[in-house]
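The values are calculated or read from the model by the stated rules, or taken from the named source; none is laboratory data. These figures come from a predicted structure and were not determined experimentally. Every residue, glycine as well, gets a Cβ built from its backbone with ideal geometry; the counts of neighbours run over all protein chains shown.
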Amino acid sequence: MKLPIVAIIGRPNVGKSTLVNRLAGEQSAIVYDQPGVTRDRTYLPAFWRDREFMVVDTGGLVFNDDTEFLPLIRQQAMAALAEASAAIFVVDGHTGPTAGDEEIATWLRQQPVPVLLAVNKCESPEQGLMQAAEFWNLGLGEPFPISAIHGSGTGDLLDALVNYLQPVQDIPDIDEIKIAIVGRPNVGKSSLLNAFVGEERAIVSPISGTTRDAIDTEIERNGQIYRLIDTAGIRKKKNVEYGPEFFSINRAFKAIRRADVVLLVIDAIDGVTDQDQKLAGRVIEEGRACVVVVNKWDAVDKDSYTIYDYEKHLQERLHFTEWSETIFVSALTGQRVEKILELVNQAAEEHKRRVSTSVINEVLEEAVRWHSPPVSRSGKQGKIYYGTQVSTQPPTIALFVNDAKRFNDNYRRYIERQFRQQLGFKGTPIRLIWRSKKARDVENANNNRATRV
């Protein structure tokens with residue numbers, strides 16, 4: 001069931017994102033003392049009393065100015081208002097009514113959506129009513145004095161808001177797959193999101209750093225719900241200054257952490273860069289499933305060997321993610337974009353897959369039979385007693401051995417290869433935990449398991 005939407009509208013730097021964070025109860029929207037930080041529509045869940053809804057943060061509206069991103073920001077704000085059940089128009093109580101506020105108010109009065117007027121930055125209860133009274137002439141009804149940063153007055157605002165929201169009862173739990181779209185700046189992440197959605201959900205521009213917030217968008221295919229998370233382009237750390245971009249990149253890293261599957265977007269023209277390798281390493285570090293998406297494939301000059309040469313290039317530069325699937329697409333033309341979801345489904349399934357202890361030990365026995373564990377200089381040989389899967393997402397297998405130090409990196413990689421060859425786990429990293437355990441402890445553990453059976 002789709003929750004009702006509440007759009008937050010206003011000039012730049014009046015505190016819209018701060019109010020969004022207040023209503024959602026989390027610090028998700030980027031807040032920074034600089035106009036134009038928010039550009040795309042950012043959706044966050046919120047509730048008040050018996051109502052649940054989605055609150056939508058939008059960029060600062062400026063009419064009669066077509067410089068830089070302003071026309072695109074207006075387009076995003078208008079799209080948010082078109083799907084909203086109600087809107088909250090945020091103004092600045094410190095500065096009082098401005099010409100920009102009057103332009104927005106005139107536009108809002110022409111819309112069919114009910115509008116509530118929130119006068120922000122009214123920290124003083126005594127002066128707040130006086131500050132709010134100046135906004136009666138906007139013609140949008142009663143102005144509510146609030147302080148988004150402190151929360152004062154927001155209760156009265158929400159009490160008025162719920163009158164325009166239908167009660168949502170018995171909302172079923174949705175089994176959704178969360179997909180984070182990550183990559184360097186200008187590799188086509190927002191274009192890919194728009195190709196999935198079929199509309200200009202995110203602003204697309206050749207200017208680096210256009211996307212700042214991590215943008216959640218829900219789509220459905222064949223009964224499966226997907227939550228797409230578009231993220232800011234991640235540059236090298238040394239090139240990032242403290243400010244909006246710093247916060248954007250932190251949001252992108254958090255998006256990787258909360259995703260089930262990460263789409264690592266590579267620019268087909270640039271190939272795999274050092275930064276792409278670092279991002280792939282971050283995905284593995286967070287234990288996320290992954291699909292490598294080579295975008296802008298339509299812009300590459302091709303012959304009968306091009307794709308084979310490119311696959312070889314990927315294997316050389318991203319050899320540590322050889323377990324992930326790769327797909328060549330064009331977000332601009334839509335070529336093979338929908339096929340990405342097929343790979344996402346497979347990776348998500350493998351990411352949460354659990355294998356029985358008996359099967360794991362069959363793989364281990366065969367692996368040891370073909371290649372015995374290494375022997376130390378003192379003549380002591382490593383021994384694997386048994387293995388068992390201890391968790392999923394990512395699949396994590398604990399291996400109980402006589403001495404973990406006797407198993408070098410080469411042998412550990414060999415065991416991981418055997419698991420992948422025999423069990424699959426395509427699209428997801430797997431973690432092996434090597435635990436030293438005395439033979440007597442292993443025997444007791446086996447006896448206890450036999451007794452329980």
- Message: Being within 24 Å of residue 189 (Cβ to Cβ), in contact with a helix residue (DSSP H, G or I) (Cβ under 8 Å, 6 or more places away or on another chain) and modelled with pLDDT of 75 or more is true for just one of 40, 57. Which residue is that?
- Response: 57
- Message: For segment 341-383: of the residues being buried (at least 17 other Cβ atoms within 10 Å of the Cβ) and either hydroxyl-bearing (Ser, Thr, Tyr) or in contact with a Lys or Arg (Cβ under 7 Å, 6 or more places away or on another chain) (or both), which is nearest to residue 406 (Cα to Cα)?
- Response: 382
- For residue 211, work out the one condition from (1) in a loop (DSSP other than H, G, I, E, B); (2) buried (at least 19 other Cβ atoms within 10 Å of the Cβ); (3) modelled with pLDDT of 75 or more it doesn't fulfil. (3)
- How many residues, within segment 90-120, are acidic (Asp, Glu), surrounded by fewer than 17 Cβ atoms within 10 Å (Cβ to Cβ) and under 12 Å from residue 140 (Cα atoms)? 1
- Note on the structure: Flagged in segment 173-197 as out of contact with any helix residue (DSSP H, G or I) (no Cβ under 7 Å at 6 or more places or on another chain), among the β-branched types (Val, Ile, Thr) and closer than 20 Å to residue 342 by Cα, in numbering order, are 174, 197
- Message: Can you find, within segment 282-298, the residue that is modelled with the lowest pLDDT among those that are under 19 Å from residue 339 (Cβ atoms) and assigned to a helix (DSSP H, G or I)?
- Response: 298
- Note on the structure: The condition of being in contact (Cβ under 8 Å) with a residue 24 or more places away in the chain and either within 14 Å of residue 424 (Cα to Cα) or assigned to a helix (DSSP H, G or I) (or both) holds, among 337, 368, 344, 390, only for 344
- residue 427 being farther than 30 Å from residue 219 by Cα and either outside any helix (DSSP H, G or I) or modelled with pLDDT of 95 or more (or both): no
